[in-house]
Structure formats: C-alpha cells, structure tokens
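Since the structure comes first, as structure tokens, the remarks are kept for the end.
The values are calculated or read from the model by the stated rules, or taken from the named source; none is laboratory data. Computed from a predicted model, the values in this text were never measured in an experiment. Ideal geometry is used to build each Cβ from the backbone, glycine not excepted, and the neighbour counts take in all protein chains shown. When the accessible area is computed, the model is the full protein with side chains, heavy atoms only, and any ligands, DNA or RNA have been set aside. Shrake-Rupley method; radii C 1.70, N 1.55, O 1.52, S 1.80 Å.
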Amino acid sequence: MAKSNEPVTIKKYANRRLYNTGTSTYVTLEDLAQMVKNGEDFVVYDAKSSEDITHSVLTQIIFEQEGKGQNLLPINFLRQIIRFYGDSMQMLVPRYLDMSIENFAKEQATLREQFSKTFGVGGFGVMEDQVRRNMEIFDRAFKMFLPNGRGEEATPATPAAAAAAKPDDFDELKRQVADMQKRLDKLGETPKE
C-alpha cells in the first residue's frame, strides 16, 4: 500500500489522551515528537470540538523537551519572542522564523561536513561562538524595527536625529555581515597540510 501524502490525524480526548487514527492506537507526546523527527506529518484535532490544536500540541512538545533540560531555545531568544506578542512586528515574526529555520535545516548537512573537515570533532566551540555573534546581530537588527525605542539603545528625540542615527546602525550591520561572511569563507577553506 502506497504511503499517503495526507497528514495523519491525531485526536485529543477530554482525558488528555491522544489517539492516532492512522494506526488506531493511543500515542504520547514523545511518540508525536518522534513522528516529527521522522518527517511524518500530522494534524491534531480536539475530539469534542473538532478544533485544530496542532499548534498548541507542538508547543507542548517543545515545552516538555525544554523542561527535560534539553534547552534548545536561549533565554534571550525566548524573551525577544515574548516581546513581539502584541507588537506591530508580530505578524512578521512567524514567517521570518519559519524561513530562517528552513534555511538552517537545508544547510545543516553542509555545515556539519565543513565543520568536521575544518575542525574535526572539537570544532563546535567555534560554531557556538559564531551562533552567538549571529544572534547578537539578529537581536540588534530586530531592535532597529521596534517602535518607541524598546531596544536597549535610546530612541533619538527628533526625526532629524533618527535619520542621522539610522545610517550608522545600518553601516555597522553591513560591516558585521561582511565580517561574518569573511569568517565563514575562512571556515570553508581546506586547511593546508
């Protein structure tokens, strides 16, 4: 029998049990996490109201993983996400994060190969430093778009002052991106023996 392209339907009952209609078995959040890791698509519906609750179930899986000490989401990232709730930029954040993680997933195999070639097993400390710098740039870039100076830097008092400050911020960001590109280029080079 050919595998269907349709997502598996999971029903969540009032007793909080999850039922996989594809296998006719009860499943746990761990089972759903494994399905995600295996690339299996599913949709979760409330059994009583038929409401799509996939988002809240996936969020619950992340919450449980984070609670087990597998902290994938940095504290500053979580704080920044919370700040965007109710903000004028809120509608842009999901698509931005979606595109970013898609690009990261596409490049992950290449990154692993380059790091293992360049640094061997112990090269991930350098990667951690680069990720930290990337997150700092990401944070500064988002703060430039926050209204009312919600970022750490004060908002200029006049429109003329704001216009004068923005090119410097943009130039600094461009310089940092160019610097990061140079570092990435160096990482991609094969070491001379």
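Go through the stretch 1-11 residue by residue and tally those that are open to solvent by 70 Å² or more (accessible area, probe 1.4 Å) and in contact with a Phe, Trp or Tyr (Cβ under 7 Å, 6 or more places away or on another chain). Talk me through it step by step, then tell me what you get.
Start the filter on the stretch 1-11 by keeping residues that are open to solvent by 70 Å² or more (accessible area, probe 1.4 Å), which leaves 1-6, 11.
This time we only want the ones that are in contact with a Phe, Trp or Tyr (Cβ under 7 Å, 6 or more places away or on another chain), so: 11.
Going through the stretch 1-11 one residue at a time, the tally reaches 1.
Looking at the stretch 58-78 only, could you name the residues that are in contact (Cβ under 8 Å) with a residue 24 or more places away in the chain and under 13 Å from residue 135 (Cβ atoms)?
74, 76, 77
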